[in-house]
Structure formats: structure tokens, C-alpha cells
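Okay, so here's the structure we're looking at.
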Amino acid sequence: MSALKLRIEVQKFRLSAPFRISGFVFEEQNVVVATLDDGEHCGRGEAAGVYYLGDTAQTMVAAIEAARSAIEQGIDRAGLQQLLPPGGARNAVDCALWELDAHRLGAAVWELAGLPAPRPLVTTFTLGADDPHVMAAGARKYAQAKSLKLKLTGDLEEDIARVQAVRAARPEVWMGVDANQGYEIDALDSLVAALQPANVSLLEQPLKRGREADLDGYKSKIPIAADESALSMKDIPGLVGRFDVVNIKLDKCGGLTEGLAMAHEARRVGLGVMVGNMVGTSLAMAPAFVLGQLCDVMDLDGPIFLAQDRTPSMTYHNGSAWSDENVWGGTRA
């Protein structure tokens, strides 16, 4: 392993409009970009962190700086798994290592991962929680979308109105909803019963992390996805029999290395697989696009919320996301 030079930057990206979910409103996104250079080739990785765990730009930079010596000595991806815990810091460095290896070997990341040539992925377009008529207007604005994901707040009556308004505006699209831990088990039957007539296909994280056992024996007519309940590989055993789908986000699990492993393990234990994001630029979405090649549901719309993305960037056409090696993970030196 050759010595590496590590560079860390904190970059701020404004959102084009405030984005609301259960308990939070976002107006900007701070991301950490790690760059690794061996003197001939370089690799980059971007992380936004996990806001509900206190995983901020400042804590990510501190974690990477604490590991700087070991990283610059020439760490590989396997060694990084032991050096840093799951989270945004490891994600940024892990993705940088993937791209660095791709450049060194003259291959694409998807080839290094043993995947077939990538295909465009139909992605959800997310509607932040808002007044029902505003969300309906947003659904119409996403005219190209084939899949929509609605953010809910935990207010059952208002959430039902949101779902009904969006379904009336876009009767043809696949629809999922994300409760972001806003409900308790006693309200779940009422929520599911209200979602069924609107042809909702996925209910994401209705209960708080830590309340997974409340789902023991619960039978939902709509598949339930684990998001906050599935941070990393160690959470997967506790999902079986309670959830139907695991939402893998690279900022949660700590990078593409663990993300790929989680996808394979989820399949092995009978769970469906979803790839999500914490909002970021195309540099963050491109590694998730690689993971998305293994997934059933793709939520790769992070860059569309930004006032301005990076160049080159992912492209969104006819409801699908596409990323090539010019964005990240390519064969160029």
C-alpha cells in the first residue's frame, strides 16, 4: 500500500426551497468531501452525515482527522472498516478509496464491485411534508416522475389528506410514504387502512428506532421499510419478521463497502432492498447509484433539492437517474 495524501473540505449547498419532514426543516446541507491522492491517482467521497445521530460536518471532520495518520499510511477499504465506525466520516473516505482503486486499476467501480454494467434506475422523487395542496402541486411539477415518495409528519388526519391529494394529482405513479418515526404502534392500523385506498406501495419507518419489537406479530397489508431502524449491518438480524424492506444509506452504514454487503445480506435473509440518501450532490449520489443496481426501490433524488449541483452531475430523465464515470468512480487518471 502506497502512502496517501488526504484532503478534507466542508462545503455548503443551499436547498432550492425549505424541505420538511417529521420533526425537522432543512434549508441547506453541509457536506464533507474527502480526497485521497497517491501522487498519480486520486479518489473522492462526499458525506452529509446522519443528522438525527448528531453526525455533523464538524464531527465527521474530527473523526477523519483523528484517523489521518492511519489513512495516509496507505489504508485499504478492509482496513478502513476496522478503523472508523459506520457513519458519514467512514462513508467519505470509503467512497474516495473506491474511486482511487478504480483509477489505479483503469476500471469502473461497478466492475470492481463485481456488478454488471449499470442501467438507468427509476427513482422516487420526494415531496417534503407540506399542506396537501402544495404537495399535490409538487407532484404535478415532477411531471417526469414515475415514482413519488411523500414525507409524513405523524398527524394522521393531515397525513391522510396529503396522500389523497397527491394521489388525485398523480393517479398513475408508484407511491411510497415515509413517516420518519412519526407514529406509534396503536395508530398503525388506522394509517395502513387509510393508505390502502390510495394504492400506497411502501410505508417507511413508521415507528421510532428502538421500538422495532412493537412490530412483532404485526401484519401489514403494505410492506414496511426500515430506515432509522437499519443503520448498519448489525441491525439486519433485528429486522427479520418485523420489516419487509431495508433502506440502505451510505451515510448511515459508512460507505459503499458496507452498503454492498448489507444488500447481499438483506437478500439472504429474505428482505427487499432500497437505496436512499441524506441529500447531497451528485458526488454523494453516484456511489449510491452503484448500490442501486442491486435494489428494488431507488431514492436517488438528493441533488434535485439543491439550488446548484456539481458539474459534471447525475442526470434525471423520464423518471430515471443516471450516473456515468465522469461523475464519480471512473477510469480516468
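The values are calculated or read from the model by the stated rules, or taken from the named source; none is laboratory data. None of the values given here were measured: they were computed from a predicted structure. Every residue, glycine as well, gets a Cβ built from its backbone with ideal geometry; the counts of neighbours run over all protein chains shown. All accessible areas refer to the heavy atoms of the entire protein, side chains included, with ligands and DNA or RNA removed. Shrake-Rupley method; radii C 1.70, N 1.55, O 1.52, S 1.80 Å.
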| query | What is region 1-87 by shape, rounded, prolate or oblate, if you read a ≥ b ≥ c off the alpha carbon gyration tensor as root eigenvalues and call it rounded for a/c under 1.5, prolate for a/b larger than b/c, and oblate otherwise? | reply | prolate
| Distance from region 184-218 to region 96-124 (C-alpha centre basis), Å | 35
| note | Taking R0 as 25 Å and r as the Cβ-Cβ distance between Val25 and Asp296, the FRET efficiency 1/(1 + (r/R0)^6), rounded to the nearest 0.05, comes to 0.25
| query | Got a sec to turn the phi values of region 38-46 into Karplus ³J(HN,Hα) couplings, 6.51 cos²θ - 1.76 cosθ + 1.60 with θ = phi - 60°, whole Hz, x for Gly and Pro? | reply | 9, x, 10, 10, 9, x, 10, x, 10
| query | Which residues' amide hydrogens lie under 5 Å from the amide hydrogen of Val273, considering only partners 5 or more residues apart or on another chain, with H built in the peptide plane? | reply | Val246, Asp296, Val297
| query | Which whole number in µm²/s is D for region 100-184 by Stokes-Einstein, with the Kirkwood Rh taken over Cα pairs at 37 °C and 0.692 mPa s? | reply | 220
| request: Work out how much length Ala137 to Arg211 would gain on full extension: take 0.36 nm times their residue separation and subtract the Cα-Cα distance, in nm to one decimal. | output: 23.2 nm
| note | In deg cm²/dmol, rounded to the nearest 500, the helical mean residue ellipticity at 222 nm of the chain, built from -39500 (n - 2.57) for every DSSP H run of length 4 or more, is -9000 deg cm²/dmol
| Which distance in nm do the two modelled labels at Ser190 and Glu65 give, with both placed 7 Å along the Cα-to-Cβ direction? | 4.9
| query | Using the C-alpha gyration tensor of region 198-267, what are the square roots of 5 times its eigenvalues, in whole angstrom, with the largest one first? | reply | 21, 13, 11
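Could you give the longest part of the chain that holds none of the GluC sites (Glu not before Pro) found in DSSP loops with at most 16 neighbouring Cβ atoms within 10 Å?
185-333
Report the gain in length on full extension from Glu111 to Ala78: 0.36 nm times residue separation, minus Cα-Cα distance, nm rounded to one decimal.
Gain in length upon complete extension: 10.1 nm.
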| remark: Rounded to the nearest whole number, the per residue volume of the convex hull around the C-alpha atoms of the chain in Å³ is 118
| field | Projected label distance in nm at Arg268 and Val240, using a 7 Å step from Cα toward the beta-carbon | value | 1.0
| field | Average accessible area per residue (Å²) across the chain - probe 1.4 Å, nucleic acids and ligands excluded | value | 40
| task | Determine, from the Cβ-Cβ distance of Asp37 and Ser220 and an R0 of 51 Å, the FRET efficiency 1/(1 + (r/R0)^6), rounded to the nearest 0.05. | result | 0.55
